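Step one of this worksheet: look at the structure below.
Where a number appears in this text, it was derived from the coordinates with a stated rule and is not lab data. Just so we're clear, the structure is a prediction, and the values are computed from it rather than from any experiment. Cβ coordinates were reconstructed from backbone atoms using ideal geometry, including for glycine residues, and neighbour counts include every protein chain displayed.
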């Protein structure tokens, strides 16, 4: 298995632009998590899905952030409009199911908003 | 806070020495997990210890858990330069379905 796949790996954009981050979880995994990592705040959970359904989005910082999981093999995190303070590394992770606790992380997307 | 809090924030040791990192949390847990993150990479799961366990070993890793003190420790024995990374604890809170990571301990192993 290729593991969790994220794209793009790096994104540089200007303030006000829309940014879409993509994630393909490991096949057969039922849960998907989006995290944001910064030096100041560490690793923050933004939202997670179980069986494609959003369960907890309380970590989503603002209405500018939205996430979707249209099917079991694909999820997006969108920021519109982007701001410089959104600059961070965004990670996607997946987990096999409720009986398993280990999360498998993707390589991350490094976002820079100028 | 639901997240684990690692201590120290940074640790620098010589190759061959042992490294000990501590974690404190505030809620009841099902288990506690430790992850490693190499620079520029995603987190990798190292070991899980259940709430009814007190100690667990995996290769050069030894994890302890004291639920009465809500604390855990990760010991890496005979450290290697390749162990240089950030280490995170993640309490799996009872009733929750996700993990809460802290800011990690940055370990540097000097060759």
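Some values worked out for this structure:
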item	result
Answer residue from the stretch B:27-40, given it is more than 9 Å from the chain's Cα centre (by Cα) and surrounded by 14 or more Cβ atoms within 10 Å (Cβ to Cβ) and is nearest to the other protein chains (Cβ to nearest Cβ) among those	B:31
The stretch A:58-67 - residue that is in contact with a strand residue (DSSP E or B) (Cβ under 7 Å, 6 or more places away or on another chain) and assigned to a loop (DSSP other than H, G, I, E, B) and, of those, farthest from the other protein chains (Cβ to nearest Cβ)	A:64
Meets criteria (surrounded by 21 or more Cβ atoms within 10 Å (Cβ to Cβ) and either within 18 Å of residue A:41 (Cα to Cα) or facing chain A (nearest Cβ under 8 Å) (or both)) for residue B:65	no
Residue list for the stretch A:68-114, restricted to those being under 19 Å from residue A:31 (Cβ atoms), assigned to a strand (DSSP E or B) and within 14 Å of chain B (Cβ to nearest Cβ)	A:90, A:91, A:92, A:93, A:94, A:95, A:104, A:105
Residue match in the stretch B:90-111 (condition: part of a strand (DSSP E or B), under 26 Å from residue A:90 (Cα atoms), touching a strand residue (DSSP E or B) at 6+ places or on another chain (Cβ under 7 Å) and away from every other protein chain (no Cβ under 14 Å))	yes
Matching option when the condition is surrounded by fewer than 20 Cβ atoms within 10 Å (Cβ to Cβ), away from chain A (no Cβ under 11 Å) and either without any contact (Cβ under 8 Å) to a residue 12 or more places away in the chain or within 23 Å of residue A:107 (Cβ to Cβ) (or both), among B:52, B:22, B:18	B:52
